[in-house]
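**Student:** I'd like to ask some things about the structure below.
The values are calculated or read from the model by the stated rules, or taken from the named source; none is laboratory data. Note that this is a predicted model, so its numbers are computed, not measured. Reconstructed Cβ throughout: ideal geometry from the backbone, glycine too, with neighbour counts over all protein chains shown. Surface areas here come from the heavy atoms of the whole protein model, side chains and all, with no ligands, DNA or RNA. Shrake-Rupley method; radii C 1.70, N 1.55, O 1.52, S 1.80 Å.
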Amino acid sequence: MKRLVFLIMAIMLHGIFLMASSSTAATDAQEMENGKHGDLPRFLVPSAASQENFPCSRCHNFRTADRTKRKLTAYHRNIELKHAEDQRWCYDCHEGDQLRLQNGKLVAFTESYVLCGQCHGTIYRDWKAGIHGKRSGEWDGDKLYRVCANCHDPHKPRFRAIEPKQPPMKPSDIKDR
Amino acid sequence: MEENGRRRNPLGLKLPRRTFIKGALLGLGSAALLPGQAGAAWEAFLQKNFREMSDAEVRAVIARLEKEAAGEWGKEIKIDASKAKPGVKFGYGLDLSRCIGCRKCVYACTEENNQSRTPQIHWITVLRFAKGEKWLDLENSEKYYNPKEVPEEGFFYLPVQCQQCENPPCVKVCPTKATWKEPDGIVVIDYNWCIGCRYCMAACPYGARRFNWARPGIKAEEINPDTHYLGNRPRYKGVVEKCTFCVQRTRAGKYPACVEVCPVGARKFGNLLDPESEIRYLIKNKRVFRLKEDLNTEPKFFYFFAT
């Protein structure tokens, strides 16, 4: 019983954190604009995005933006939006050679985590503290962060399943040597 | 003795060393009476417990062990003996809401820490539980799961390794004081003092210790030559081993190998005494728990659900 009460309290507290943290990405965007770094990570592992589509303007300068929701067939055929797609489409996040934030401000592709942080405030805060996502390097020194797009495809962010490594040997598998 | 004439640890004797050494010394009177050709073996036999050695003695012992290891494994092996840093107590965090059970940690650990490949020794065991199952039943869980892809719908995964208890039952039962807790909180083993009685394995509530039933089988090219005396240096037949939070890496400031390899970032590591560390952040902000908390072992291995 005591545990249950504790659990409920923990969940309620969690809710408060959620509310308190939702504005951090906006502040970070502001700080970056002012040339400050705040509590943002210093060393980032860039995402493994294919290079063939950069810069976007190489082609898109010669195309008028087509804002109708559709399945792309002529190009970008591998991109399928499965990320709250009912509420939005490509140009909610893209503009020219940059990424577009909710408030219309633009950030570079290399700062895509700021975009993610706008809607995923708690996770973003955890990520900066090294809890969500991965840091490597030195536990008491310089740390390398993976940006969100390193693990989540922004268009279809559910983490992809992978093949597991082989299970340990069962005692019955062990043969005489 | 053993294959290709190597010395066993300690000299293949099954007696508790302490009493035996005392007896031997009393009986023989002094080391000067020793037959000359048994010099190195005798040095090995007389080797003090790591904690009782002076810096010079440590250096001498390491020089001898490095030479032995090179002969034994056909490869140059560096053995480091760096001490715990003051103001550091290591803690570990594992996010069960992220772990996908891929076992990458298991094999990265094996490679980093020179575990025997045949017979197979793993320091990390990943357990699988059906969601909703009475899941803290560690002994009756599934560790041989082998689907095409992980994570599987309806399951979650719980990797278990040495929990680095503050109050370690394994240390208490060791008759030769071959295992102890270092000032930075890591429970270590002096493989030259372990007599292989396996009391510690029986005492560990987490099943985290492993026994070398045979000489570790590792190919020379697979041996990691950067080792620590208390960690991943090649082991002997008949000694116990276990996770040391990669003492050879973490005392050099690096993250443990399992943290580095985890593809989902479920593994967290840092200094419990540093309020700014990620481990302190998660203890403060997440719902953490430890395995078998009721046993009062005070593990420094914290499991949590980030969501």
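**Student:** What do you reckon, is A:Pro167 without any contact (Cβ under 8 Å) to a residue 12 or more places away in the chain, within 14 Å of chain B (Cβ to nearest Cβ) and under 30 Å from B:Phe90 (Cα atoms)?
**Tutor:** In short, yes.
**Student:** Against the definition (open to solvent by 40 Å² or more (accessible area, probe 1.4 Å) and part of a helix (DSSP H, G or I)), how does A:Thr122 come out, yes or no?
**Tutor:** Values: open to solvent by 40 Å² or more (accessible area, probe 1.4 Å): no; part of a helix (DSSP H, G or I): yes.
Taking the combined requirement at face value, the residue does not satisfy it.
**Student:** For the stretch B:72-118: of the residues being of a type in the set (Val, Ile, Thr) and farther than 27 Å from B:Lys219 by Cβ, which is nearest to the chain's Cα centre (by Cα)?
**Tutor:** B:Val88
**Student:** Please note which helices (runs of 4 or more DSSP H) are completely contained in the stretch B:190-290 and include at least 2 residues that are within 14 Å of another protein chain (Cβ to nearest Cβ) and either out of contact with any His (no Cβ under 7 Å at 6 or more places or on another chain) or touching a residue at least 12 places away in the same chain (Cβ under 8 Å) (or both).
**Tutor:** Those helices (runs of 4 or more DSSP H) span B:247-250, B:257-261, B:278-285.
**Student:** I would also like to ask the following. Residue by residue through the stretch A:94-112, note down the ones that are in contact (Cβ under 8 Å) with a residue 60 or more places away in the chain and touching a strand residue (DSSP E or B) at 6+ places or on another chain (Cβ under 9 Å).
**Tutor:** A:Leu101, A:Val107, A:Phe109, A:Thr110, A:Glu111, A:Ser112
**Student:** Within the stretch A:126-142, can one find any residue that is within 14 Å of another protein chain (Cβ to nearest Cβ), closer than 16 Å to A:Arg42 by Cα, in contact (Cβ under 8 Å) with a residue 60 or more places away in the chain and open to solvent by 40 Å² or more (accessible area, probe 1.4 Å)?
**Tutor:** Yes, there is a match, as at least one residue in the stretch A:126-142 is within 14 Å of another protein chain (Cβ to nearest Cβ), closer than 16 Å to A:Arg42 by Cα, in contact (Cβ under 8 Å) with a residue 60 or more places away in the chain and open to solvent by 40 Å² or more (accessible area, probe 1.4 Å).
**Student:** If you don't mind, another one. Would you kindly identify the strands (runs of 3 or more DSSP E) lying entirely within the stretch B:78-146 that contain at least 3 residues that are at positive phi and within 9 Å of chain A (Cβ to nearest Cβ)?
**Tutor:** The strands (runs of 3 or more DSSP E) meeting that bar number zero.
**Student:** If the requirement is being in contact with a helix residue (DSSP H, G or I) (Cβ under 7 Å, 6 or more places away or on another chain) and open to solvent by 60 Å² or more (accessible area, probe 1.4 Å), which of these qualifies: A:Lys69, A:Lys105?
**Tutor:** Numbers: A:Lys69 fails: in contact with a helix residue (DSSP H, G or I) (Cβ under 7 Å, 6 or more places away or on another chain).
Of A:Lys69, A:Lys105, the one residue that is in contact with a helix residue (DSSP H, G or I) (Cβ under 7 Å, 6 or more places away or on another chain) and open to solvent by 60 Å² or more (accessible area, probe 1.4 Å) is A:Lys105.
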